[in-house]
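No value in this document is a laboratory result; all are computed from the given coordinates. This one's a predicted model, so the numbers in the text were calculated from it and none came from an experiment. Please note: Cβ atoms are built from the backbone with ideal geometry, for glycine as well, and neighbour counts cover all protein chains shown.
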Amino acid sequence: MSRTPLHLVFLLCFLILCVQSHSSRFASISSSSDLVSDGVNDLQEPSYLRLNTLPSNSAPEEACEQSYGFLPCTTSVLGNMFLIIVYGYLMFLAAKYLSAGSELLLEILGPGIVGGLFLPALGALPDAMLILVSGLAGSAEVAQSQVSVGMGLLAGSTVMLLTLIWGTCVIVGKCDLEGSVAIDSQDTKGFSLTESGVSTDIWTSYAARIMVISVFPFLIVQLPQMLNSTSGRHLAVLIALIISISMFIIYCLYQVFQPWIQRRKLAFVKHKHVIFGLLRHLKQQALGRLLTENGEPDKEIIDKLFSRIDENKDGRLSASELRALIVGIQFEELDLDHEDAVEKILNDFDTSRDSHVDATEFGNGIIKWLSQVQGSRTGRADDGPHTMKFLHNFHQETKREHDLLDVGEQSDEVVEDVEGGKGVLIKAILFLLLGTAIAAAFADPLVDVVHNFSNATNIPAFFISFIALPLATNSSEAVSAIIFASRDKRKTASLTFSELYGAVTMNNVLCLSVFLALVYMRGLVWNFSSEVLVILVVTVIMGLLGSFRTAFPLWTALVALLLYPLSLVLVYVLDYVFGWS
């Protein structure tokens, strides 16, 4: 935020200009009071100088209405275009301040409640503000005409995030693909459509699946239209609103507890690595025989292994003896903490909880682990007890799970004391308040300008808001995502795409809840079949693509980029060729 003073200077200058500005007014030709004698001809029917330049046969233009009584307005195409740029830039500043404040707050307070409940809503605040004011202004008839601006923003934001930004992130973050994994910072394949791209972790796939589920309220509210029924539409909006709000709450709770879920699953996979490492080591010490000819654990061999590990021959294994055993095991270059591995073995083997493992506990623990490995094997049914091929298969499966779960150094989710924490907290709150104030102040003027520009150009307001407004409310997030993805690392790619999926999910639950509340409370007509279809098509296609893949070659970027113009064409054809709306 090094350029914050420049932004504030711009804001101050703009407000000064607004105070000094006044709107254009047009005089009507309704009476002679609007006319002035030229003072030359003193005839019975004197000639007059007209105060306006309108042709005598044209209707007077409607004067534009200033927002808040002082913000500038215009009726010309270029004037409205300029105001869209200005107000759009102010909404961009609002999103930027909210993002900066959110990052500072997260740095101080950590994920948990703040990261799960507060920050996701802040990220969608500019969009929600614009959607809200689009349906609040004027009478129900005015709101019905302007609410298409809110729907255009909702659809345009979702489509832009999943097409233009998603595809660009794949291109700028591409690395060489080997199998289904991208090699960090290695880009020798050029623009190969199949051998160059990005890969993500399994958590990103989960985020994509949640995004697909979040479109369910769209299906509910659209159900009467699909059944060609005119009754029950108001009820369908209410049901969709309740479901949407419920999904928003559930999603926030998931964001709160998700770090704990991730840590537990990752710990489970590391536990499986310990199981494999110890069993492989014991197999080597036992000359390849841990099972009898019948495939049962060989207790005699297991007892001999226990005696070999028990260095002081006291009939039980201490933590130091287990640590010495663990140190000699190679975990396939995986960074597993030795103390953590010892603790895992003690937790599984030491049933008496005396911090030692006797011969019986050791034997029962090895048998338990062998049964667990055999139960999860993926090899052929004829794997013999001597080949132990199922152990190799278990190892490969565990490595794959670990690779999907952990693509880099995992955060301990513990927030250290931030130096100057009080000052950073004050700065974060100021950024959040400033961003919220700007979004609240300029959302209504921006919606009015879009509507005026639509009237001046005869371009439907939906298409203007679909293209222009997401650039204002999501450009800061888009630039950050693209820069982050360009680091050419799998971990950063996973975080980037997870944030994109999360942003769309917030659109589908929070912003849609605001929109449905407007429609229901003001008694508006839900007539957005083509727009909903576009949201469903793009979200489902990109969501399914992200749900069942962790590798995205360059050809997937082309699919995403092409979906953007196809979405505009689809809405136009459905509305203006087939007359859906």
By average C-beta atoms within 10 angstrom, highest first, the peptides 90-98, 316-324, 153-161: 153-161, 90-98, 316-324
Whose amide H sits under 5 Å from the amide H of residue 178, counting only residues 5 or more places off or on another chain, with H placed in the peptide plane? 183
Pull up all non-local amide H partners of residue 198: gap of 5 or more, or a different chain, and H-to-H distance under 5 Å with H placed in the peptide plane. 175, 552
Can you work out the Karplus-derived ³J(HN,Hα) for every residue in the stretch 496-506? Use 6.51 cos²θ - 1.76 cosθ + 1.60 with θ = phi - 60°, whole Hz, and x for glycine or proline. 4, 5, 4, 5, 5, 4, x, 5, 5, 4, 5
Around residue 519 (Cβ within 15 Å, Cβ-to-Cβ, excluding residue 519; K/R +1, D/E -1) the net charge comes to 0
For the stretch 201-212, in residue order, the Karplus 3J(HN,Hα) values (coefficients 6.51, -1.76, 1.60; θ = phi - 60°; whole Hz; Gly and Pro = x) are 9, 5, 5, 5, 4, 4, 4, 5, 5, 4, 4, 5
Among the listed pairs 283/491; 96/489; 174/427; 96/491; 368/491; 313/344, which have their C-alpha atoms separated by more than 28 angstrom in this model? 283/491; 174/427; 368/491
For the stretch 185-196, what does the Karplus curve 6.51 cos²θ - 1.76 cosθ + 1.60, with θ = phi - 60°, yield as ³J(HN,Hα) per residue in whole Hz, taken in order and with x for Gly and Pro? 6, 10, 9, 10, 8, x, 9, 5, 5, 10, 9, 10
Cut-off under 5 Å, modelled amide H: who pairs with residue 317 long-range: 357, 358
